[in-house]
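Values quoted throughout were computed directly from the atomic coordinates according to the rules given, and no laboratory measurement underlies them. Computed from a prediction, not measured in an experiment: that's the story for all the values here. Here the Cβ is made from the backbone with ideal geometry for all residues, glycine too, and neighbour counts use every protein chain on show.
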Amino acid sequence: MSLMSILKKKSNKLFFTTPSHSGKFFILHKFYQWYKADISEVDFYNPEDLLKEAEKYASKVYGTKSSHFLTNGSTSGILASVLASCNLGDKLLVWKNAHPCHKNAGILAKAEIIEYDLPFNKEWGIYEKLSVEDFKNLLIKNKPKAIIITSPTYEGIVSDVEYFAKIAKEHNVILIVDEAHGALYPFSDNLPKSAVNYADFTVQSLHKTAGGLNPTAILHTNCDLDIKKALKLISTTSPSYPMLMSIEANVKFLSSSRGKKKIEELISNIKEIRNKLKNLDFYGDDITKILIKKNGLSGYELSEILYNRFDVEDEKTNEQSTMLLTGIGTTKKMLTKLKNLVNI
Ligand SMILES: Cc1ncc(COP(=O)(O)O)c(C=O)c1O
């Protein structure tokens, strides 16, 4: 049985229940199929039956203690992880330039937020990772209850999460990894190592790179902290059933041979493009985030050229470089067009 299977069940009952559109009244007709799938069948606070099964299945796929479907993005996964980890006044280490949800989580938990900095790479205009030594020193100096690491960063800089987890454990610190941009990692040996099997909590946005709908995400745990209680503090009691179904389907797809093949094709197509574009410099630990720069051009100038001359819209640009984000939906055709960039 799957979350999807419940929709196939025929019923002659009259539904005097929420949602009151009853799957029959479509204010926005374009989305009529969404309305049809929009049922209130799941108790999100205490997932029973099908959702529980789907989350258990996901946990098995990822090899985690538990995996939780999120219909409010990695943002909600970070909030829940911090709420499960920190109480009033506990020290929480947060990267100074992290996604705002990291500090917001500390505020909600009434934790003492301590900011740390990352080395800045002037040549590429991006932040680098913490060295293992600096990570260790941060823990020794601040003695925090928990630390949040962003890995990968937006631009694809990946930390040594396995080693960080080992050190964090030795110092009795809870490790939370924001892997929002790394949802494909568990499914390919040709991508960086995922934190899902090492960190106490790892959050992944399915919508960013893994073909999911906005803002589907997953929170993975490898510890005994009460994440369900924390999720209750921030979750709606009426989660979107179509979104839950899409998360279930997304996990099944990524772990299927079809999904894995698609990821490998993406990687090998990008490799091919990189080999062609000798006129550009590439950087980063994650090949699917195409971080480029061109001698003699600022990142902003390069971004403008990409947009105006090649109809290519980048994901993020800084003074030195620009990044093209790819993922499960990036077609070979789109990537082949990048070969034209040889003319920049
Ligand atoms: C590094 C990072 N973490 C967390 C988030 C939040 O993710 P979501 O949009 O899934 O809530 C983002 C979103 O841009 C992000 O870039």
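In whole Å and largest first, what semi-axes does the C-alpha gyration tensor of region 255-319 yield when each eigenvalue is scaled by 5 and square-rooted?
Whole-Å semi-axes of the equivalent ellipsoid: 26, 13, 11.
In whole percent, what relative contact order does the chain give with Cα contacts below 8 Å and a gap of six or more residues?
About 17 percent, as a whole number.
Short version: ³J(HN,Hα) in whole Hz for each residue of region 173-186, in order, from phi by Karplus 6.51 cos²θ - 1.76 cosθ + 1.60 (θ = phi - 60°), x for Gly and Pro, what are they?
Each residue of region 173-186 in turn: 10, 7, 9, 10, 10, 8, 9, 3, 9, x, 5, 8, 3, x Hz.
Tell me, in nm to one decimal, what length is gained between E123 and D311 on full extension, where the rule is 0.36 nm per residue of separation less the Cα-Cα distance? Display every interim value, and only then the final one.
Values: separation 188, 0.36 × 188 = 67.68 nm, distance 2.60 nm.
Separation in residues times 0.36 nm, less the Cα-Cα distance, equals 65.1 nm.
If I build a Gaussian network model for the chain, linking alpha-carbon pairs within less than 10 angstrom, which residue out of Y62, Y154, Y32 has the largest mean-square fluctuation?
In this elastic network of the chain, the residue with the biggest mean-square fluctuation among Y62, Y154, Y32 is Y32.
Once R0 is set to 30 Å, what does the formula 1/(1 + (r/R0)^6) return for the Cβ-Cβ distance between D189 and N142, expressed as a FRET efficiency to the nearest 0.05? Display every interim value, and only then the final one.
Details: r = 35 Å, r/R0 = 1.16.
Taking R0 as 30 Å, the efficiency between D189 and N142 is 0.30.
In this model, which of K13/K229; K193/K293; K129/K208 are farther than 32 Å apart at the alpha-carbon? Each step should come with its number before you reach the end.
On the way: K13/K229 34 Å; K193/K293 26 Å; K129/K208 21 Å.
Beyond 32 Å: K13/K229.
With a ≥ b ≥ c the root eigenvalues of the C-alpha gyration tensor of the chain, is it rounded (a/c under 1.5), prolate (a/b larger than b/c) or oblate?
oblate
Identify all aspartates and glutamates with a Cα-Cα distance to K260 below 14 Å; exclude those on the same chain that are fewer than 8 residues away in sequence.
D189
Residue by residue through region 116-129, what is 3J(HN,Hα) from phi via Karplus (6.51 cos²θ - 1.76 cosθ + 1.60, θ = phi - 60°)? Round to whole Hz and write x for glycine and proline.
10, 10, 10, x, 9, 9, 5, 5, 10, x, 9, 7, 8, 7
Average projected area of the Cα convex hull of region 46-153, in nm²?
That works out to 8.5 nm².
Please identify every one of the GluC sites (Glu not before Pro) in region 69-163 that sits in a loop by DSSP and has no more than 11 other beta carbons within 10 Å of its own beta carbon.
Loop-located and lightly packed - E123.
Gaussian network model of the chain, Cα springs within a sub-10 Å range: biggest mean-square fluctuation belongs to which of I273, I176, I126?
Among I273, I176, I126, the largest mean-square fluctuation in the Gaussian network model of the chain belongs to I273.
Cut-off under 16 Å on the C-alpha distance; same-chain residues fewer than 8 positions from K103 excluded. Which lysines are left, in chain and number order?
Qualifying lysines at Cα under 16 Å: K91, K145.
Per residue of region 209-216, in order, report the coupling 6.51 cos²θ - 1.76 cosθ + 1.60 (Karplus, θ = phi - 60°) as ³J(HN,Hα) in whole Hz, putting x for Gly and Pro.
Result, ordered by residue: 10, 9, x, x, 7, 4, x, 6 Hz.
Just to be sure I understand: with springs between alpha-carbon atoms less than 10 Å apart, which residue in G156, G284, G296 has the highest mean-square fluctuation in the Gaussian network model of the chain?
G296
Starting with the fewest neighbours, write out C86, C223 ranked by other beta-carbon atoms found within 10 Å of each beta-carbon.
Ranking C86, C223 by Cβ neighbours within 10 Å, fewest first, gives C223, C86.
Do any chymotrypsin sites (Phe, Trp or Tyr not before Pro) in region 175-282 lie in a DSSP loop with no more than 16 other beta carbon atoms within 10 Å, and if so, which?
none
Full extension from E162 to K110: what is 0.36 nm times the residue separation minus their Cα-Cα distance, to one decimal in nm?
15.9 nm
Taking 0.36 nm per residue of sequence separation and subtracting the Cα-Cα distance, how much length would be gained by fully extending the chain between M334 and K9, in nm to one decimal?
This chain segment gains 113.0 nm when fully extended.
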